[in-house]
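A.B. asks: One structure coming up, written as structure tokens, with questions to follow.
The values are calculated or read from the model by the stated rules, or taken from the named source; none is laboratory data. The structure displayed is predicted, hence computed values, not measured ones. In this analysis, Cβ positions are derived from the backbone assuming ideal geometry, glycine residues included, and neighbour counts consider all displayed protein chains. For the accessible areas, the whole protein counts, side chains as well, though only heavy atoms, and no ligand, DNA or RNA atoms are used. Shrake-Rupley method; radii C 1.70, N 1.55, O 1.52, S 1.80 Å.
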Amino acid sequence: FFGVCVKTGTKGVLISIEGIDGSGKSTQCNLLSAYLKEVCITATVVKAKNEEQNKSFKEFIKAFGITSDSISFAFLYQALHRRQFELTRHELDNKKIVIADRWNPSFFVFHNIFGHLADKPHVRKCLDDLAFEGLEPDICFLLDVPVKTAFQRRSKRKTEALPNKQELGFYQSISAEYHKLAAEKEWVTIDAQLPAEEIHRQIVLMIKKTLLEKAKIYIGA
């Protein structure tokens, strides 16, 4: 399983791991990055903001009085998405592997159904084009987990209270939108209630196939 060697291909590869908060995205991104390092290639993990940057982000929106339900907040996130794209594009242009801890679906799962852009599909499309320039992952994984399970994980990790009925309904709507996008775009859906190592094993098996077929990277025993 781990005894493989990789030869550089003709293009970079973009891998996206999607899912609601608490689905295990960061864990799987880190496991995949470590695995690829073991097989002789370095992968860059990109996300809109990491934990350290998240602190600065919260201080920024507090200082400017930006609320999460405002258009300003949506634009600010698109600026973060654009920077995520720029970092990704640079790595891909250098024939590197990029693992995205969420890609543009994180924008659509919310704005397709909530907020000021929900009834403006043309605006959503224009904003997405500006931020991501139509760059689609070579393969996208949806980590599928019940909302209650995700909140239980988050409550342990962030000492968050369990959701009330309104919050539960919100995240169930987000989860449903992820499933809708997964069906439309033929993502690989994985049961995120499985042990982390089993999820990782399934991701690696699909990645090996994707590297062979789409990036012309040789993986041999």
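A.B. asks: Going by the structure shown, is LYS209 at pLDDT below 95, farther than 18 Å from SER33 by Cα, of a type in the set (Lys, Arg) and open to solvent by 80 Å² or more (accessible area, probe 1.4 Å)?
C.D. replies: Answer is no for this residue.
A.B. asks: Would you pick out the residues in the range 93-123 that are under 16 Å from the mean Cα position of the chain (by Cα) and small (Gly, Ala, Ser)?
C.D. replies: ALA100, SER106
A.B. asks: Okay, moving on. How do the pairs read when you match residues in the range 65-90 that are more than 18 Å from PHE108 (Cβ to Cβ) with residues anywhere that are part of a loop (DSSP other than H, G, I, E, B), using Cβ under 6 Å and keeping only pairs 6 or more apart or on different chains?
C.D. replies: Short answer, once both residue conditions are applied: SER72/ILE66.
A.B. asks: From the list HIS81, HIS90, which residue is modelled with pLDDT of 95 or more and under 17 Å from the mean Cα position of the chain (by Cα)?
C.D. replies: Going through HIS81, HIS90 in turn, the sole match is HIS81.
A.B. asks: Look through the range 62-71, keep the residues that are of a type outside the set (D, E, K, R) and modelled with pLDDT of 95 or more, and return whichever of them is nearest to SER16 (Cα to Cα).
C.D. replies: Among those that are of a type outside the set (D, E, K, R) and modelled with pLDDT of 95 or more, it is ILE66.
A.B. asks: Quickly run through the range 146-187 and pick out the residues that are outside any helix (DSSP H, G or I), at pLDDT below 90 and open to solvent by less than 60 Å² (accessible area, probe 1.4 Å).
C.D. replies: Correct list: GLU160, PRO163.
A.B. asks: Then there is this: Go through the range 66-78 and count every residue that is open to solvent by 60 Å² or more (accessible area, probe 1.4 Å) and more than 17 Å from the chain's Cα centre (by Cα).
C.D. replies: 6
A.B. asks: Can you work out which of the residues in the range 188-205 that are in a helix (DSSP H, G or I) and among the β-branched types (Val, Ile, Thr) is farthest from LEU142 (Cα to Cα)?
C.D. replies: Per the criteria, the residue is VAL204.
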